[in-house]
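This report concerns only the one structure given below.
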Amino acid sequence: MLSSRWWPSSWGSLGLGPRSPSRGSQLCALYAFAYTGADGRQVSLAEGDRFLLLRKTNSDWWLARRLEAPSTSRPIFVPAAYMTEESIPSQSPTTCHPQPIALDSW
């Protein structure tokens, strides 16, 4: 397991320094999802969970932090296909709806 000293020192390489500006986008989980990270940590999200988008790492996985988590907490990777992006903080934290997906996009 990684020591607690390792992670904060690596934030700079991820562009996540303590004063990293917010991108202004929030994410809302459309579906529940769980996985085991490379470090063995269990990560799970429930439908309606909200996150602050830190970086669109690639088209499949985005780096995010739970909105209720302290800014010093470790970010997690979330599946982009399971998220909806909101540019303005929502007044209704429990409501997010999936967007229809065109069948030809599969």
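No value in this document is a laboratory result; all are computed from the given coordinates. All figures in this text were calculated on a predicted structure; none of them were measured in a lab. Heads up, the Cβs are rebuilt from the backbone with ideal geometry, glycines too, and the neighbour counts pull from every protein chain shown.
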Practice task
List every residue whose amide H lies under 5 Å from the amide H of L52, counting only residues 5 or more places away in sequence or on a different chain, with H placed 1.01 Å from N in the peptide plane.
Solution key: L27, R65, R66, L67
Fill in the blank from the handout: Sorting G40, T84, A69 by the position of each Cα along the dipole of the range 22-85 (Lys, Arg +1; Asp, Glu -1; all at Cβ), the one nearest the positive end of that ordering is A69
